[in-house]
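A quick write-up on the structure given underneath.
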Amino acid sequence: MNWLTNVVRPKIRNMLRRETPENLWIKCPDSGQLVFYKDVEANQFVIPGSNYHMRMGAVARLKSIFDNETWFDVALPDVTADPLKFRDEKKYVDRIKDARARTNLNDAVKVGYGKLEGAAVVIAVQDFDFMGGSLGMAAGEALVRGLELAVEKKSPFIVFAASGGARMQEGILSLMQMPRTTVGVQMLREAKLPYIVVLTNPTTGGVTASYAMLGDVQIAEPGALIGFAGARVIEQTIREKLPEGFQRAEYLKEHGMVDMVVHRHDLRPTLARLCRLLTKAPALESASKSAQPVISPAQIVSAPEVAPAAPHA
């Protein structure tokens with residue numbers, strides 16, 4: 001007979017029960033090491049011992065890049081939620097609702113406008129936690145609006161790609177986002193503005209086949225999986241064994257598909273340096289210039305409402 005479960009009243013049992021958060025500890029996929037979640041979060045979601053780069057959410061990514069962790073959230077247009085009335089095991093509209101509740105995002109791509117070491121930049125981030133970062137109508141619209149804003153403000157455009165490919169629930173409408181985003185990149189190129197792509201783990205499918213491989217500079221995070229089709233599909237098609245590390249960032253750099261592999265801790269200064277080089281902007285005399293608040297905390301604005309120069313607080 002268990003005294004706690006059989007005799008003590010339910011309310012008292014609830015007081016005795018300790019609530020432990022599910023994500024208190026993280027197991028490193030590479031080494032199997034258990035790491036305290038707060039330590040990983042403070043280390044930009046890089047496992048301290050193995051240097052394994054965990055996936056990073058859109059908001060955390062923007063905080064790690066923008067000066068003072070502040071930026072303007074660029075308002076994005078609404079799109080048809082379920083254009084094909086798609087249903088598999090679950091209604092597509094229900095999947096969207098679940099993803100929004102879980103991630104607090106409207107869709108897989110979040111766009112921000114702010115300062116990077118004092119220079120204005122537009123950054124788009126794909127969040128893999130939102131339906132695998134899949135490219136649908138809303139994500140395509142977000143990328144196109146971000147590119148348009150970069151042209152309007154004459155600023156570099158940086159995209160963090162993380163996706164499993166096109167969103168099958170939107171069919172041909174999803175596939176049409178590939179040429180749309182490609183045209184948007186060409187629009188930026190005609191304006192002679194930098195387009196920098198950061199490939200994170202994983203970047204596959206239609207995203208790799210479109211805007212993710214069109215950057216003026218292609219950067220990848222260590223160990224990132226980058227490719228179009230999966231390794232097993234390729235092996236079955238060509239009937240050959242693929243080399244070790246095929247489709248990983250380091251292998252792709254050795255074979256010329258990626259320009260550089262940059263550790264997450266070095267990503268911010270690397271992006272700032274590339275933006276200065278590609279725009280021929282002078283370097284800051286002192287890093288303290290960017291230490292002062294340069295824009296207001298993240299707020300919703302439409303593209304025309306973004307000020308040409310963010311006001312000092």
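Nothing in this text is a laboratory measurement; each read-out follows from the coordinates by a stated rule. Keep in mind that what you see is a predicted model, and the values were worked out from it rather than measured. Cβ: placed from backbone, ideal geometry, glycine included. Neighbour counts: every protein chain shown.
Miscellaneous remarks
- Zone of ASP88's modelled label, taken as backbone nitrogen in segment 155-169 under 14 Å from a point 7 Å along Cα→Cβ: 164-169
- Partners for LYS153 among aspartates and glutamates (Cα-Cα distance below 20 Å; same-chain residues under 8 apart left out): ASP67, ASP73, GLU117, GLU141, GLU190, ASP216, GLU305
- Cα-based reach from LYS27 at 20 Å (exclusive), listing lysines while leaving out same-chain residues under 8 positions away: LYS38
- Charge-dipole axis of segment 129-254 as Lys and Arg at +1 and Asp and Glu at -1 on Cβ define it, positive-most pick from SER155, ILE219, PHE246: SER155
- Modelled label positions at GLN186 and GLU152, each set 7 Å beyond Cα in the direction of Cβ, lie 2.3 nm from each other.
- Per the Kirkwood formula applied to alpha carbons, segment 37-186 shows a radius of gyration over Rh ratio, Rg over Rh, of 0.99.
- Listed by chain and number, the lysines placed with their C-alpha closer than 27 angstrom to that of LYS97 are LYS63, LYS85, LYS110; residues fewer than eight positions away on the same chain are left out.
- Segment 161-286 - charge dipole about Cα centre, Lys and Arg +1 at Cβ, Asp and Glu -1, debye rounded to 20: 220 debye
- Prolate/oblate/rounded call for segment 181-273, Cα gyration tensor, a/c under 1.5 rounded: oblate
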